[in-house]
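The values are calculated or read from the model by the stated rules, or taken from the named source; none is laboratory data. Note that this is a predicted model, so its numbers are computed, not measured. Every residue, glycine among them, receives a Cβ derived from its backbone with ideal geometry; neighbour counts consider all protein chains shown.
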């Protein structure tokens, strides 16, 4: 029995995404181990979404940063190459520094449809975002409930279908439902972005088994979106075989956002390395790492139990 | 009367989108800005010529921080 076969959370060596094959679809050890640590964490192991290579597997949400300086610092510290932004009515009193900060950082902008409760609103918001930011990419959010901010599955599917038909590169924020993730992929989404737990909750990954199931079945990149509270959550997502992590509040609302950006970056990189390395299975009993062969006979009777 | 970002504006019927944006303080190259009239996006190339008819609802949006 292979190690990964017996352990629902174990990931075999992971290759680059976009090939339609994920960890579990590939026998352990099938991939060359040419990459070293630096290579696996760096540019030789890019995240590929819709044919675009990104050197970082951490996508940063810009929401929640108290000051632009903190955002700029966190972008740099995180190493991210893509950040999310939202669209709201123009506020004549607001400073227009956000786009300046993002321009200076040289990062790709991923507009979201945050706050939309219907497919119709999300589609119009995505069209506005395309005009505002000159990008076809959209992080599609269609929310069904104010308290939990959980996605509304039927509206999400309807919006995704419409936007794919209009040529958008759709990255849907979805529940951790493997069937819904598959439906989103089937209608042409460029990635799927399941939540670990509700937005901003910092509750980590509540159902790692579902994330595994999504990863196992996905032919597009899987981005763990929402719920990350700290480094270990991001590392776990990557260890489960996710291709990337999207993180906002855990960094922006940390006491020291820049330090947390460093930490979560390290978690994403470490988790990716571990996923590629292929972890040992969980075992109920110990398995000695030291052989019993050649044990000394010291003539001491075992103590009675 | 037209409605711009939820605010009713009298005497501005027929104003162009470029004029309305300037009043909102969003003049310039319009980077990171987009406009919809009655739910239809108006490309920036048409902002100077697109006159907003009476009764229309204009939504002018820009980038804000968001996850």
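Scan region B:10-22 residue by residue and report those that are over 30 Å from residue A:61 (Cα atoms), within 14 Å of chain A (Cβ to nearest Cβ) and touching a strand residue (DSSP E or B) at 6+ places or on another chain (Cβ under 8 Å).
Hits for region B:10-22 are B:17, B:20.
For region A:186-198, which positions are crowded, with 22+ Cβ neighbours inside 10 Å and without any contact (Cβ under 8 Å) to a residue 60 or more places away in the chain?
Correct list: A:189, A:192, A:193, A:194, A:195, A:196.
Among strands (runs of 3 or more DSSP E) lying entirely in chain B, which contain 3 or more residues that are within 11 Å of the chain's Cα centre (by Cα)? Write out each step before concluding.
Details: elements: B:2-4, B:7-9, B:33-37, B:57-65.
By residue number, B:2-4, B:33-37, B:57-65.
Say whether the condition of being in contact with a strand residue (DSSP E or B) (Cβ under 6 Å, 6 or more places away or on another chain), within 30 Å of residue A:193 (Cα to Cα) and at pLDDT below 90 is met by at least one residue in region B:33-46.
Scanning region B:33-46, I find no residue that is in contact with a strand residue (DSSP E or B) (Cβ under 6 Å, 6 or more places away or on another chain), within 30 Å of residue A:193 (Cα to Cα) and at pLDDT below 90, so the answer is no.
I'm checking my understanding of the structure. Among residues of region B:47-67 that are in contact with a helix residue (DSSP H, G or I) (Cβ under 8 Å, 6 or more places away or on another chain), farther than 23 Å from residue A:100 by Cα and surrounded by 14 or more Cβ atoms within 10 Å (Cβ to Cβ), which one is nearest to the other protein chains (Cβ to nearest Cβ)? Don't jump to the end; show me each part of the working.
Of all residues in region B:47-67, those in contact with a helix residue (DSSP H, G or I) (Cβ under 8 Å, 6 or more places away or on another chain) come to B:47-48, B:50, B:52, B:58-65, B:67.
Those left that are additionally farther than 23 Å from residue A:100 by Cα: B:48, B:50, B:52, B:58.
Cutting the leftovers down to surrounded by 14 or more Cβ atoms within 10 Å (Cβ to Cβ) gives us B:50, B:52, B:58.
Numbers: B:50: 13, B:52: 15, B:58: 10 Å.
By that ranking, first place goes to B:58.
Within region A:85-97, can one find any residue that is closer than 25 Å to residue A:243 by Cα and at pLDDT 95 or above? Steps first, please.
Kept after step one, since they are closer than 25 Å to residue A:243 by Cα, are these residues of region A:85-97: A:85-86.
Those still in the list that are at pLDDT 95 or above too: A:85-86.
Checked region A:85-97: at least one residue is closer than 25 Å to residue A:243 by Cα and at pLDDT 95 or above.
Inspect region A:283-301 for any residue being under 15 Å from the mean Cα position of the chain (by Cα) and either surrounded by 19 or more Cβ atoms within 10 Å (Cβ to Cβ) or over 28 Å from residue A:192 (Cα atoms) (or both) and give the result as yes or no.
Residues of region A:283-301 under 15 Å from the mean Cα position of the chain (by Cα): none.
No, every residue in region A:283-301 fails to be under 15 Å from the mean Cα position of the chain (by Cα) and either surrounded by 19 or more Cβ atoms within 10 Å (Cβ to Cβ) or over 28 Å from residue A:192 (Cα atoms) (or both).
Can you tell which of A:203, A:238 is away from chain B (no Cβ under 14 Å) and part of a helix (DSSP H, G or I)?
A:238
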